[in-house]
Amino acid sequence: MILLLFGPPGAGKGTQSAFLIEKRSMAHISTGNLFRANIKNETELGLKAKSFMDAGDLVPDSVTVGMVESELESLKGASVIFDGFPRTVPQAEAFDELLTKMSLKIDHAIFVEVPSEMLVERLSGRRMTADGKHVYHVTFNPPKQEGICDVTGEELIQRKDDSEEVISNRLEAYEKSTAPLKDYYESKGVLKSIDGTGEPEEVFGRIEAILGS
Ligand code: AP5
């Protein structure tokens, strides 16, 4: 199964991906996490992505699509969640070509809808492990011990691009470049919109209802 999760920054894509990984053993491609790992390891790709991410801008399509292609090839036929990719219409077009080449297709493109006034609060209170795999919120989903991951015991970090100034740029980039994907996937007949508010488990129930058993 090829499942896309898209929506504005802070909609809960990473949080819902964690449920899908745990409950459905799906593989996960998060372009944000991949870029952050490359930045941490000081790779050439990380160097290219860093200035864009720090400013809250999108990384150029050519860099992003190439990275996804090699990642998908390494997963060889697994069910995959795409979290935060595609993020522009040109990325979506390039992705369609790639999937056709690999004899794959998108099963569902789930758009997670959250009112913009909630997004800043969600993002500014977010804390996570350095690899982005375990995500918390200081109020909505606090760890048992402040600042420490319940699962790995490591110290939680606050993402550099979760400052209010950068958040507003990310929201602008989303409106300009990513929101048009709703029409793109509607025209392909794979768009499903869900309400991303309420408890994370409730939101997951809405995704489960789409995926079926
Ligand atoms: P990326 O890492 O993908 O960030 P994003 O899309 O901005 O999304 P976030 O990770 O911020 O939010 P999320 O929806 O995953 O929410 P989460 O579950 O964490 O991208 C970062 C940057 O990388 C981009 O700005 C760009 O520069 C670059 N990039 C990445 N992909 C790219 C691409 N394809 N093309 C070009 N550039 C790209 O939840 C947020 C908070 O809310 C958490 O604290 C969580 O605990 C809380 N929360 C979650 N659900 C709920 C709920 N139901 N109720 C209350 N709180 C909740």
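The values are calculated or read from the model by the stated rules, or taken from the named source; none is laboratory data. On a predicted model such as this, the values are computed, not experimentally measured, just so you know. Ideal geometry is used to build each Cβ from the backbone, glycine not excepted, and the neighbour counts take in all protein chains shown. Surface areas here come from the heavy atoms of the whole protein model, side chains and all, with no ligands, DNA or RNA. Shrake-Rupley method; radii C 1.70, N 1.55, O 1.52, S 1.80 Å.
Just by accessible area at a 1.4 angstrom probe, what is the order of ARG206, ARG126 from largest to smallest? Kindly include the intermediate steps, with their values, before the conclusion.
Details: ARG206 65, ARG126 35 Å².
Largest accessible area first, the residues go ARG206, ARG126.
Of all accessible surface on the chain at a 1.4 Å probe, what whole percent is carbon and sulfur? Kindly include the intermediate steps, with their values, before the conclusion.
Values: 5530 of 10980 Å².
Ligands and nucleic acids excluded, carbon and sulfur reach 50 percent.
Keeping every protein chain present and rolling a 1.4 Å probe, give me the accessible area per residue for the chain in Å².
Details: 10980 Å² over 213 residues.
On a per-residue basis, 52 Å².
Pairs over the 18 Å Cα-Cα cut-off, from the set LYS50/LYS76; LYS105/LYS192; LYS40/LYS160; LYS105/LYS133; LYS105/LYS176; LYS13/LYS133: LYS50/LYS76; LYS105/LYS133; LYS105/LYS176.
Stretch SER62-LEU47 to full length: gain in nm at 0.36 nm per residue minus the Cα-Cα span?
Numbers: separation 15, 0.36 × 15 = 5.40 nm, distance 1.45 nm.
Separation in residues times 0.36 nm, less the Cα-Cα distance, equals 3.9 nm.
Taking 0.36 nm per residue of sequence separation and removing the Cα-Cα distance, the ASP195/ALA55 pair yields an extension gain of 47.5 nm. Here the label points at SER124 and GLU97, each 7 Å from Cα along the C-beta direction, are separated by 4.2 nm in the simple model. Over segment 1-65, the reciprocal of the mean inverse Cα-Cα separation, the Kirkwood hydrodynamic radius, stands at 13.1 Å. Taking 0.692 mPa s as the viscosity and 37 °C as the temperature, the Stokes-Einstein diffusion coefficient of the chain based on its alpha-carbon Kirkwood radius rounds to 187 µm²/s. Between HIS108 and SER79, the simple spin-label model (points 7 angstrom out along Cα→Cβ) gives 1.0 nm.
Length available on full extension from VAL89 to LEU211: 0.36 nm per residue minus the Cα-Cα distance, which gives 41.5 nm. Among the protein heavy atoms, those of LEU3 account for about 0 Å² of accessible surface (1.4 Å probe, every chain in place).
In the chain, taking the dipole from charged Cβ atoms about the Cα centre, the farthest positive-side position among ALA209, VAL114, SER103 is held by SER103. Rolling a 1.4 Å probe over the protein heavy atoms leaves PHE19 with an accessible area of roughly 40 Å². Taking ILE110, ILE81, ILE39 as the candidate residues, the one with maximal mean-square fluctuation in a Gaussian network model of the chain, Cα springs under 10 Å, is ILE39. The charge dipole of the chain, taken about its Cα centre with unit charges on the Cβ atoms of Lys, Arg (+1), Asp and Glu (-1) only, comes to about 400 debye.
Debye-formula intensities of segment 38-108, expressed as log10 I(q)/I(0) at q = 0.27 Å⁻¹, are -1.34 (one equal scatterer per alpha-carbon, no solvent). Principal semi-axes of the equivalent ellipsoid, √(5λ) from the alpha carbon gyration tensor of segment 100-194, are 30, 18, 12 Å from largest down.
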